[in-house]
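The values are calculated or read from the model by the stated rules, or taken from the named source; none is laboratory data. This structure is a prediction, so every number in the text was calculated from the model and none was measured. Note: ideal-geometry Cβ built from the backbone for every residue, glycine included; neighbour counts use all protein chains shown. All accessible areas refer to the heavy atoms of the entire protein, side chains included, with ligands and DNA or RNA removed. Shrake-Rupley method; radii C 1.70, N 1.55, O 1.52, S 1.80 Å.
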Amino acid sequence: MTGANSFQVSGYGPERAGWARLFARDSVTRRMDWPMLLSAIALSIVGSLLVFSATRNRTEINQGDPYYFLIRHVMNTGIGIALMIGTIWLGHRALRTVVPILYGVSVLLILLVLTPLGSTVNGAHSWIVFGGGFSLQPSEFVKITIILGMAMLLAARVDAGDKQYPDHRTVLQALGLAAVPMLIVMLMPDLGSVMVMVVIVLGVLLASGASNRWVLGLIGAGAIGAVTVWQLGVLDEYQINRFAAFANPELDPAGVGYNTNQARIAIGSGGLTGAGLFHGSQTTGQFVPEQQTDFVFTVAGEELGFLGAGFIILLLGVVLWRACRIARETTDLYGTIVAAGIVAWLAFQTFENIGMTLGIMPVTGLPLPFVSYGGSSMFAVWVAVGLLQSITVQRPMSA
């Protein structure tokens with residue numbers, strides 16, 4: 001085979017990776033999942049408008065420049081898309097060979113958070129702050145390495161044809177791989193990220209075909225672990241207060257319950273069509289704290305109304321639907337597990353973020369994928385899209 005067709009992706013063979021493969025007519029552009037990609041881009045565009053609305057009048061954080069957060073959000077989105085392209089170019093199978101290195105780097109980064117290099121932002125000691133205002137939240141990237149690492153272990157012998165399902169020893173190894181970074185993140189403590197990682201582990205095990213006894217056992221162990229963490233006082237006071245405010249919304253409405261009360265007021269005031277972009281009284285009046293990050297959905301609820309907020313949920317639903325489709329249609333267990341882990345991650349994080357603004361979930365500080373302001377989270381979700389696109393691009397033509 002010669003000419004442009006020689007770069008056609010066969011579904012296997014990272015050796016064909018390269019810019020020619022990335023842009024060849026018969027490879028990526030024809031086989032990429034465009035509904036997912038366009039939905040993710042639309043979410044980031046809407047997110048830019050919401051972030052701008054939430055921050056343009058907040059001189060105490062925007063350094064006197066109303067476009068400060070908008071510009072940075074657009075830049076973060078651009079970098080994220082570049083990371084997605086790079087991930088597709090490398091291919092998820094090529095990344096499989098360097099998973100141990102990626103895992104080691106991610107563990108090292110979260111360990112650095114526990115040193116004097118770590119910084120506390122909004123009560124969570126989970127950041128590394130560099131010069132020039134650049135900061136990094138390593139736990140966002142740990143989510144990816146847990147998915148890739150567990151997939152590598154659980155799928156190795158199955159994809160090689162030695163086993164039909166992962167055996168108990170392999171499952172134990174995969175759980176041990178996930179437990180190390182999860183324990184470190186718990187020590188920060190970053191409870192929200194740990195919750196996401198637990199859901200990822202459950203999703204990965206379900207997709208791997210491992211015995212259901214492992215899933216049931218982990219659910220039971222998780223319940224016991226949650227009670228133990230509470231009794232031992234591992235959680236910081238601000239985290240305990242958040243759960244207390246969730247259990248009793250009327251508890252200290254001017255204190256620990258302030259965020260959630262103001263969030264519900266903002267969303268409830270939006271009605272069907274909203275007050276109009278940049279015209280929300282709660283947003284303009286700066287009544288909702290951390291509105292560009294954790295509570296960005298309140299801007300949509302107030303200014304775009306039920307229809308606008310519903311459109312955001314619809315776009316997120318499209319991303320998850322296409323990801324589920326990729327997980328179902330891929331022909332190797334490794335790709336199935338990676339896609340399923342990403343689905344579990346994005347689905348739970350979306351539900352938790354929107355749920356906490358509506359008062360049906362406790363406040364945990366998790367961003368809304370593609371929409372909330374934040375470089376680390378934006379980079380991570382776009383890498384996830386790159387992994388999903390790589391899986392569908394490298395699927396055999398006959399699949």
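In this structure, does residue 370 turn out to be modelled with pLDDT of 95 or more and either open to solvent by 10 Å² or more (accessible area, probe 1.4 Å) or more than 21 Å from residue 49 (Cα to Cα) (or both)? No, not satisfied. Condition test on residue 272, is it farther than 18 Å from residue 366 by Cα, within 27 Å of the chain's Cα centre (by Cα) and not charged (D, E, K, R)? So residue 272 does not fit the description; no.
Yes/no matrix, rows are residues, columns are (1) at pLDDT below 95; (2) open to solvent by 30 Å² or more (accessible area, probe 1.4 Å); (3) not acidic (Asp, Glu):
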{"position": "60", "(1), (2), (3)": "yes, yes, no"}
{"position": "76", "(1), (2), (3)": "no, no, yes"}
{"position": "113", "(1), (2), (3)": "yes, no, yes"}
{"position": "120", "(1), (2), (3)": "yes, yes, yes"}
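In the condition set (1) outside any helix (DSSP H, G or I); (2) closer than 19 Å to residue 73 by Cβ; (3) not charged (D, E, K, R), residue 362 is compliant with all but (2). The residue of the range 298-320 that is surrounded by the most Cβ atoms within 10 Å (Cβ to Cβ), among those that are closer than 20 Å to residue 391 by Cβ and without any contact (Cβ under 8 Å) to a residue 40 or more places away in the chain, is 320.
Residue by residue, here is whether (1) β-branched (Val, Ile, Thr); (2) part of a loop (DSSP other than H, G, I, E, B); (3) out of contact with any Gly (no Cβ under 9 Å at 6 or more places or on another chain); (4) buried (at least 21 other Cβ atoms within 10 Å of the Cβ) holds:
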site: 165; (1), (2), (3), (4): no, yes, no, no
site: 173; (1), (2), (3), (4): no, no, yes, no
site: 176; (1), (2), (3), (4): no, no, yes, no
site: 179; (1), (2), (3), (4): no, no, yes, no
site: 186; (1), (2), (3), (4): no, no, yes, no
site: 189; (1), (2), (3), (4): no, yes, yes, no
site: 202; (1), (2), (3), (4): no, no, no, no
site: 205; (1), (2), (3), (4): no, no, yes, yes
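Do we find that residue 284 is touching a Gly at 6+ places or on another chain (Cβ under 8 Å), over 25 Å from residue 386 (Cα atoms) and of a type in the set (Ser, Thr, Tyr) in this structure? So residue 284 does not fit the description; no. Just a yes or no: is a residue in the range 138-155 in a loop (DSSP other than H, G, I, E, B), out of contact with any Phe, Trp or Tyr (no Cβ under 7 Å at 6 or more places or on another chain) and in contact (Cβ under 8 Å) with a residue 60 or more places away in the chain? Yes, because at least one residue in the range 138-155 is in a loop (DSSP other than H, G, I, E, B), out of contact with any Phe, Trp or Tyr (no Cβ under 7 Å at 6 or more places or on another chain) and in contact (Cβ under 8 Å) with a residue 60 or more places away in the chain.
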